[in-house]
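First up is the structure itself, then whatever we jot down about it.
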């Protein structure tokens, strides 16, 4: 069965963006192997705001070939947008109700894993419903002091099993955890 992978950058003090939506602190190193991660997924889950911002983003003509290639790989994936607004979009499927049941159906389909891209409220919804299988969190060497926290409004504790740690030349440390239920079913 497909796994839902939350792959996200976070500051050392736990924010996914600054107080004004800043993400300029996010470092992309060539040794992070985002291409390898993308090769293991075939679907991306977005919230509407994140999709509107990044779902069809095209790098400028001055972008490097590596960046253009990266975005081409992102845009080759199936895109599913969770939103209270139903709309038609040639590049994505919109889901506006019964999220847990529809996610369960998608996970049963054949293919590769699913990237839970975000935003924050969608991530919180997935956490609250226990729908994240793998937490792949890249901790960046920045302290913002304020912003949008990764873990907000949680009601229950989540027990995780550390499966991998990666350290990159920039000082970013990637922590990969699986939920205990995934670990115990292997």
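The values are calculated or read from the model by the stated rules, or taken from the named source; none is laboratory data. Since this is a predicted model, take the numbers as computed values, not measurements. Quick reminder, even Gly has a Cβ in these numbers, built from the backbone with ideal geometry, and neighbours come from all protein chains shown.
Restricting to region 84-99, count the residues that are in contact with a helix residue (DSSP H, G or I) (Cβ under 9 Å, 6 or more places away or on another chain), assigned to a loop (DSSP other than H, G, I, E, B) and surrounded by 14 or more Cβ atoms within 10 Å (Cβ to Cβ).
1
Write out, first by first residue and then by second, each pair whose Cβ atoms fall under 7 Å of each other, whose residues are 6+ apart or on separate chains, and whose first residue, in region 17-28, is in contact (Cβ under 8 Å) with a residue 40 or more places away in the chain while the second is in a loop (DSSP other than H, G, I, E, B) and surrounded by fewer than 16 Cβ atoms within 10 Å (Cβ to Cβ).
17/23; 19/146; 27/170
For region 100-109, state whether one or more residues are modelled with pLDDT of 90 or more, under 21 Å from residue 42 (Cα atoms), part of a loop (DSSP other than H, G, I, E, B) and over 18 Å from the mean Cα position of the chain (by Cα).
yes
Would you confirm whether any residue within region 140-153 is within 17 Å of the chain's Cα centre (by Cα), assigned to a loop (DSSP other than H, G, I, E, B) and surrounded by fewer than 16 Cβ atoms within 10 Å (Cβ to Cβ)?
We begin by selecting, within region 140-153, every residue within 17 Å of the chain's Cα centre (by Cα); these are 140, 148-152.
Next cut, assigned to a loop (DSSP other than H, G, I, E, B) only: 150-152.
Narrowing further to those that are surrounded by fewer than 16 Cβ atoms within 10 Å (Cβ to Cβ): 151-152.
Scanning region 140-153, I find at least one residue that is within 17 Å of the chain's Cα centre (by Cα), assigned to a loop (DSSP other than H, G, I, E, B) and surrounded by fewer than 16 Cβ atoms within 10 Å (Cβ to Cβ), so the answer is yes.
Is it the case that region 55-70 has a residue that's under 22 Å from residue 133 (Cβ atoms) and surrounded by 18 or more Cβ atoms within 10 Å (Cβ to Cβ)?
no
Pick from 12, 70: which is touching a helix residue (DSSP H, G or I) at 6+ places or on another chain (Cβ under 8 Å) and within 26 Å of residue 178 (Cβ to Cβ)? Give the steps one after another, and end with the answer.
Details: 12 fails: touching a helix residue (DSSP H, G or I) at 6+ places or on another chain (Cβ under 8 Å).
When all the criteria are applied, what remains is 70.
Failed condition for residue 50, given (1) closer than 27 Å to residue 170 by Cα; (2) in contact (Cβ under 8 Å) with a residue 60 or more places away in the chain; (3) in contact with a helix residue (DSSP H, G or I) (Cβ under 9 Å, 6 or more places away or on another chain); (4) loosely packed, with under 15 Cβ neighbours inside 10 Å, with all others met?
Single failed check for residue 50: (4).
Looking for whichever is surrounded by 15 or more Cβ atoms within 10 Å (Cβ to Cβ), closer than 26 Å to residue 133 by Cβ and in contact with a helix residue (DSSP H, G or I) (Cβ under 7 Å, 6 or more places away or on another chain) here; the options are 103, 81. Which one fits?
Working: 103 fails: in contact with a helix residue (DSSP H, G or I) (Cβ under 7 Å, 6 or more places away or on another chain).
Result: 81 is the single residue among 103, 81 that is surrounded by 15 or more Cβ atoms within 10 Å (Cβ to Cβ), closer than 26 Å to residue 133 by Cβ and in contact with a helix residue (DSSP H, G or I) (Cβ under 7 Å, 6 or more places away or on another chain).
In a loop (DSSP other than H, G, I, E, B), in contact (Cβ under 8 Å) with a residue 40 or more places away in the chain and more than 15 Å from residue 26 (Cα to Cα): does that describe residue 158?
Numbers: in a loop (DSSP other than H, G, I, E, B): yes; in contact (Cβ under 8 Å) with a residue 40 or more places away in the chain: no; more than 15 Å from residue 26 (Cα to Cα): yes.
For residue 158, the condition - in a loop (DSSP other than H, G, I, E, B), in contact (Cβ under 8 Å) with a residue 40 or more places away in the chain and more than 15 Å from residue 26 (Cα to Cα) - is not met.
Identify the single condition in (1) modelled with pLDDT of 90 or more; (2) closer than 30 Å to residue 31 by Cβ; (3) surrounded by 17 or more Cβ atoms within 10 Å (Cβ to Cβ); (4) touching a helix residue (DSSP H, G or I) at 6+ places or on another chain (Cβ under 6 Å) that residue 119 does not satisfy, given that it satisfies every other one.
Result: residue 119 passes all but (1).
Could you tell me which residue of region 123-138 is modelled with the lowest pLDDT, considering only residues that are under 24 Å from residue 35 (Cα atoms) and out of contact with any helix residue (DSSP H, G or I) (no Cβ under 6 Å at 6 or more places or on another chain)?
Top of the filtered list is 123.
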